1. Of all residues in the stretch 443-474, count the ones that are among the hydrophobic types (A, V, I, L, M, F, W, C), over 18 Å from the mean Cα position of the chain (by Cα) and open to solvent by 10 Å² or more (accessible area, probe 1.4 Å).
2. Taking Ser488 as the residue in question, decide whether it is open to solvent by 20 Å² or more (accessible area, probe 1.4 Å), under 30 Å from Val127 (Cβ atoms) and not charged (D, E, K, R).
3. Kindly establish whether Leu562 is in contact (Cβ under 8 Å) with a residue 24 or more places away in the chain and in contact with a strand residue (DSSP E or B) (Cβ under 6 Å, 6 or more places away or on another chain).
4. I'd like the full set of residues that are closer than 12 Å to Gly371 by Cβ and touching a residue at least 24 places away in the same chain (Cβ under 8 Å), limited to the stretch 343-357.
5. Among the residues of the stretch 408-422, which ones are touching a residue at least 60 places away in the same chain (Cβ under 8 Å) and open to solvent by 10 Å² or more (accessible area, probe 1.4 Å)?
6. Do any strands (runs of 3 or more DSSP E) lying entirely in the stretch 378-453 carry at least 2 residues that are closer than 23 Å to Lys93 by Cα and hydroxyl-bearing (Ser, Thr, Tyr), and which ones are they?
7. For the stretch 192-212, name all the residues that are closer than 18 Å to Thr135 by Cβ and either among the hydroxyl-bearing types (Ser, Thr, Tyr) or without any contact (Cβ under 8 Å) to a residue 40 or more places away in the chain (or both).
8. Go through the stretch 533-615 and tell me which strands (runs of 3 or more DSSP E), entirely inside it, have 2 or more residues that are at pLDDT below 90.
Amino acid sequence: MATTLYRFTDAFIPAPQFFAGGTTTNLVPDVFPIAIDGRPFLIDQQAGTFTRGFEPRVRDSVDQSTTPGEAAINPQGLCRRGETSWHYGAGQKYADTAEAQDYRFSSSKGVNPWTKGQLTLLNKTKVSLASAATTAHSVVQDGRVYFSLGADVKFTTDPYESSPTWTDCTGEPGGICAAMATDGNDVYLAFPNDGVRKIDTTAAPGTISGTRFVTGTNSYYMLGFAKGYMFAAHDQNLRQIAGAGTSTDRISIDDPDFRWVGVATGQNAVYAAGYAGKKSLIYKITIKADGTLDSGVVALELPTGEVVTAISGYLGFVLIGTDKGVRFASTDSNSNLIAGQIIPTSGAVNKFTSEGRFSYFTWTNYDGVSGGLGRLDLGTLTSANTPAFATDLMYDSTNTVNGLVTFNNKRCFWISGVGIIAEDSANLVESAEIITGTYRWGIPDRKFVAKFDIRTTPLYGTITPSISLDSGDYTDMSPHNLALGTESVATGPQSKFIEAKFKLTLNRGSATTAPTLTRWMARAYASPARSQVFRVPILMHHRLHVRDTDYYFDVESELRALRDLVTNPRVVNYQENTETFSVVLEDLEFQVADGYQSNWDLEGTCTVTMRSVQD
């Protein structure tokens, strides 16, 4: 039978080159089993080194910390992310980046994160006094809470009762009450064109004086006490009110549109805040050696466009409310204010109250459903002059929140058009939620959550975990709902993602029992685009006999082409049977078996190592 000769290079005959390499070749798989960059080859099946596998999914890691942590876990298993405490508060968008802080989360509603190592439910709120009024002011004095609701002034000794008794004060001169303050003894009120009146809370706690404390017909719209001094605002001027009721201008502003929002006690000065248009200034008024007040000078100017709405002093620090959120400020040696980052809110912050290590502030229209309070932990700073924060008590209304007070260790506030809202310590919220920061598990590749673990104290109620993949909608996982159980494991969705965040919904067991979360953990499986590694032994002989046909090769030319793909790497096609892969040649090793025609034109096996390049 005749033998057909195919010459693939022009090293053998003076004729055009039959094969010079290319993208692919149609000689695979019908004639040759493999081809690299369009050059067909025969596999040395006797070498026993032909392999094809995947590179490791993750590299090995070493935990070099003094205390074993998550990095001590075998990286070949599931990648873990989780939280065991939440006491650094809300406001963290990404949870596992280099700048992320432990014990922080993105947002919450109805949960109390402030006890280290646990997450519980807050109390409900209830209407203590319904009112359609759209303005309100409030103070606490002599065991009573005073509220002005429009033109009416009322007080109660217990706003938290199931049916509180609110007593009408008598003697309102008419018009909307514009301001209210207390010096620790009496309550002072301002009405339109009426100067300032007061309530002697010892002699007649329900009677507004028939005579004016500050005479005249000026309309004061702000009253306040700081460092033992009384202040009032009329037009653009801040006035100091003496004990006898006389008033003198303390700060006079040229701009007739400037308006004052309040005064606050600082470490060594009185601070007064006001604005005109989009420009907000906070003045300091220091106390001279003789006990009199110095002239006011600017201690802090807020960014243009951020309008101050409230100011309060506590423990030597100053809290500033604006139409953008909350700022916390300390003082320098000259009593100038050093403000921290803005803590953003959805509405203007109108009032503060403080107790213990916490300060509370009004939060209007938190989420399009509810409004109420936010809380600052002054004992925990997440950055310079920026306390940890989270939402606090809420009520289902999006109207303006104001009139905030602390009374008997609980909070009471006013919502425009709704009335006075009081904390309901007899009932926990029915349902609450916390949303974590976004996790990427330290890699930008795709992964999926295989399991989600929850740990609690003996369970009352339920906790339902949900997952949002790449900013998509939340998908619920199996709830932790075994009565008195302490652990549960839910199976996560198998969908691949780049980043994910979680929501945990806590539902109470009864009015007074609820879950206490102590840990959650998401175990993810990294699913990156993994390269295949090919190790292929190629027969490098000048003549190959394949299916009764002789094929001639220029071995040195073929080796030169392969070496060039190693030293000058680029993506080429690797054909194997019916499959084609994009690969990069990483290495080759030529093992000599013989010489061709008794000279140094060598033959043997060339083992080529290639790595696939995934799309």
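1. Initially, the stretch 443-474 is screened for residues among the hydrophobic types (A, V, I, L, M, F, W, C), giving 443, 448-450, 452, 454, 459, 463, 467, 469.
Pick out the ones that are also over 18 Å from the mean Cα position of the chain (by Cα) and you get 443, 448-450, 452, 454, 459, 463.
Filter once more, keeping what is open to solvent by 10 Å² or more (accessible area, probe 1.4 Å): 443, 448, 450.
Residues flagged as among the hydrophobic types (A, V, I, L, M, F, W, C), over 18 Å from the mean Cα position of the chain (by Cα) and open to solvent by 10 Å² or more (accessible area, probe 1.4 Å) within the stretch 443-474 amount to 3.
2. When the stated conditions are applied, Ser488 does not pass them.
3. Yes.
4. So in the stretch 343-357, the residues closer than 12 Å to Gly371 by Cβ come out as 345-350.
Across the stretch 343-357, the qualifying residues are Thr345, Gly347, Ala348, Val349, Asn350.
5. Those that are touching a residue at least 60 places away in the same chain (Cβ under 8 Å) and open to solvent by 10 Å² or more (accessible area, probe 1.4 Å): Asn408, Lys410, Ser416, Gly417, Val418.
6. 386-395
7. Answer for the stretch 192-212, where residues must be closer than 18 Å to Thr135 by Cβ and either among the hydroxyl-bearing types (Ser, Thr, Tyr) or without any contact (Cβ under 8 Å) to a residue 40 or more places away in the chain (or both): Pro192, Asn193, Asp194, Arg197.
8. Working: elements: 543-546, 549-552, 572-576, 579-596, 601-612.
Of the strands (runs of 3 or more DSSP E) lying wholly inside the stretch 533-615, those with at least 2 residues that are at pLDDT below 90 span 543-546, 549-552, 579-596, 601-612.
The values are calculated or read from the model by the stated rules, or taken from the named source; none is laboratory data. On a predicted model such as this, the values are computed, not experimentally measured, just so you know. Cβ: placed from backbone, ideal geometry, glycine included. Neighbour counts: every protein chain shown. Only protein heavy atoms, including side chains, enter the accessible area calculation; ligands, DNA and RNA are left aside. Shrake-Rupley method; radii C 1.70, N 1.55, O 1.52, S 1.80 Å.
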